[in-house]
């Protein structure tokens, strides 16, 4: 077969280019040509400096293997993802209340499972996740850095706010109010609807509370006769009572064995002899019998 020349047609969207004859040699295909763009309307092919893009048509989707998507229509908000090695798939925009999730392929989910949330700037973002050491516990951490959490009452900017802060310092944990600018400190309270508010100090959370404010407003030790208020070197300065003070009673003469941390100034009422005993200079001394 003799060599022939093919004069291609320039498509209308390629303006400013002149049709060139492409020499066609038997058995060799289209030879090199210096024209920037040449369009073969017979075979529906576009040549770009010898780069062949097949099936060039506005009515046919270009496949991923040829540099396209293989998808002919889209809607606002659609996402395109690779559903396999050679296939692109369109994911329609999600409905309100859903987030993009998925491991192998993306999907919209209204109830996603997040392993952890990383907040802030690298290289040391804050990590929020379930605590590995305690089930049903939320952990907020950043390596060895102490963490804190604030709940804002008012906020204008970083120099003007009111908030409550709970956080860790290297040697303590703190709950307190914080303010800046025109912010005002507010009371911080522990309240329940009807139950008790209890406090304690123990490395073992199974140990009972030390002190409780019950539903009637009474401050009581968790166990009768167990805890003190103050100690011999850390005394309460004054006690103001609007009712009465109920002292310890004993049927007989008291001794140091009757009390914890015997200290001068302690008083015990002897119900047998009707006397008030006081510890003075390390000795229990009694008043005359009361009538």
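We did not get these values from a lab; they are worked out from the coordinates using the rules stated. Quantities reported herein were computed from a predicted structural model and do not represent experimental measurements. In this analysis, Cβ positions are derived from the backbone assuming ideal geometry, glycine residues included, and neighbour counts consider all displayed protein chains.
Please list 259-272, 140-153 highest first by mean number of surrounding beta-carbon atoms within 10 Å per residue.
259-272, 140-153
Rounded to a whole number of µm²/s, how large is the Stokes-Einstein D of the stretch 177-237 at 20 °C and 1.002 mPa s, given Rh as the Kirkwood radius over C-alpha pairs?
Once the numbers are plugged in, D ends up at 147 µm²/s.
With the Cα gyration tensor of the stretch 145-261 giving a ≥ b ≥ c as the square roots of its eigenvalues, does the rule (a/c under 1.5 for rounded; else a/b larger than b/c for prolate; else oblate) give rounded, prolate or oblate? Show your work: numbers first, answer last.
Values: a/c = 2.52, a/b = 2.18, b/c = 1.16.
The shape class here is prolate.
Give me the distance in nm between label points sitting 7 Å out from Cα along the Cα-to-Cβ direction at residue 236 and residue 88, one decimal.
7.7 nm
Compute the distance in nm between two label points, each set 7 Å from the Cα along the Cα-to-Cβ direction, one at residue 104 and one at residue 160.
Here the modelled spin labels are 5.5 nm apart.
Find how much the distance from residue 114 to residue 286 grows on full extension, using 0.36 nm per residue of separation minus their present alpha carbon separation; answer in nm with one decimal.
Extra length from residue 114 to residue 286 when fully extended: 54.8 nm.
With the contact rule set at Cα under 8 Å and sequence spacing of 6 or more, what percent relative contact order holds for the stretch 221-291? All intermediate terms of the calculation are to be shown ahead of the outcome.
Working: 81 pairs, mean separation 14.8, N = 71.
Here the relative contact order equals 21 percent.
Taking a ≥ b ≥ c as the square roots of the eigenvalues of the Cα gyration tensor of the stretch 66-109, is the shape rounded (a/c under 1.5), prolate (a/b larger than b/c) or oblate? Write down the numbers at each step before the final one.
Working: a/c = 4.27, a/b = 1.45, b/c = 2.94.
Oblate shape, in that a/c is at least 1.5 and b/c is the bigger or equal ratio.
Take residue 179 and residue 191, extend 7 Å from each Cα along the Cα→Cβ direction, and tell me the distance between the two endpoints in nm.
Once both label points are built, they end up 1.9 nm from each other.
Rank by packing, highest mean first: peptides 277-284, 213-220, with packing defined as the count of other Cβ atoms within 10 Å averaged across residues.
Numbers: 277-284: 13.9, 213-220: 10.9.
The peptides rank, most packed first, as 277-284, 213-220.
Kindly state, to the nearest 0.05, the FRET efficiency for residue 121 paired with residue 81, given R0 = 25 Å and r defined as their beta-carbon distance. Write down the numbers at each step before the final one.
Working: r = 28 Å, r/R0 = 1.11.
Calculated transfer efficiency: 0.35.
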